[in-house]
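The values are calculated or read from the model by the stated rules, or taken from the named source; none is laboratory data. What you see is a predicted model, and the numbers here were worked out from it, not measured in a lab. Every residue, glycine among them, receives a Cβ derived from its backbone with ideal geometry; neighbour counts consider all protein chains shown.
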Amino acid sequence: MSTRLACVVFDADRPRFVADFWAELLGWGVTIDRPDEVDVAAPDPDGADLALAFLPAARAKHGKNRIHLDLASRSIDHQRLQIDRALSLGARRVDIGQGTVPWAVLADPEGNEFCVLEPREEYVDTGAVAAIVMDTRDPLRLAEFWSAASGWPLTHGGEQVAGLRSANGLGSWLEFVRTPEVKSGRNLLHLNLASFDDHAAEVARLRAAGATPIDRDGVRLATASLTLADPEANEFCLLRPVRDRSAV
């Protein structure tokens, strides 16, 4: 398989502003800075962390995002320091009905929720981002699709939570958490996949796994990518190989 997870994409009113927030919070750096895209990534070029990409887009947020980031912590003191740092950078505490829990639920300056977790053994070696978390009606079914799409093996699956991680055991988890809410409107965060060989073959493979091509306002997005939806209608993009883009 010649496809990998490339980045988590944020639709943003102010891409550079919110990218700077995340870069400061995670200790990452800005790797791409263009009017149409700002990317943030871990400083280690060989690191397994996915990049975060911030694209200019009109935002119409309704309720909680269906995709969010969970941040790792090494100790209770480290968790407190991260929360204080996030608040000082412009985050705010939010109540999404979590009740009394050992983690903190915050929102970035544009309202995107994220969690600062208490120390957990399974996230001890993930780096700054413990997990990319997706809400779903059926965790195991959606995890199986994304395992097929990304090549990441399914490490655990059940009625409430399912998880994937890169086969090399490095970097963030991709987790699926059961939620009763049905998807409504376009996701403000989505995943990008990158293909490296036969783009058409990868599209066919993803469709066989359960993806469906979608249009936005009746027009396909940039020719450098194809927008699809997973089995629960979560948008994602399949980026074309670089050599294909040069021919556009």
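Brief remarks on what is shown
- Taken together, the residues in region 158-197 that are touching a Gly at 6+ places or on another chain (Cβ under 8 Å) and surrounded by 18 or more Cβ atoms within 10 Å (Cβ to Cβ) amount to 8.
- Hits in region 202-234 - residues which are buried (at least 17 other Cβ atoms within 10 Å of the Cβ), aliphatic (A, V, I, L, M), in contact with a helix residue (DSSP H, G or I) (Cβ under 8 Å, 6 or more places away or on another chain) and modelled with pLDDT of 90 or more: L206, A211, L228
- Matching residues in region 147-182 - criterion: being of a type in the set (A, V, I, L, M) and touching a residue at least 24 places away in the same chain (Cβ under 8 Å): A148, A149, L170, L174, V177, V182
- Counting only residues that are out of contact with any helix residue (DSSP H, G or I) (no Cβ under 8 Å at 6 or more places or on another chain) and buried (at least 16 other Cβ atoms within 10 Å of the Cβ), region 123-140 holds 8 of them.
- The condition of being of a type in the set (G, A, S) and assigned to a loop (DSSP other than H, G, I, E, B) does not hold for G163.
- Count of region 123-135 residues, restricted to those that are modelled with pLDDT under 95 and closer than 20 Å to Q160 by Cα, is 0.
- Lone unmet requirement of (1) modelled with pLDDT under 95; (2) under 29 Å from W28 (Cα atoms); (3) in a loop (DSSP other than H, G, I, E, B) for S184: (2)
- Single condition A194 does not satisfy, out of (1) farther than 27 Å from L26 by Cα; (2) out of contact with any His (no Cβ under 9 Å at 6 or more places or on another chain); (3) not assigned by TED's automatic domain parsing to the domain that holds G127: (1)
- Region 1-28, residues that are touching a helix residue (DSSP H, G or I) at 6+ places or on another chain (Cβ under 6 Å) and at pLDDT 95 or above: A12, F21, E24, L25
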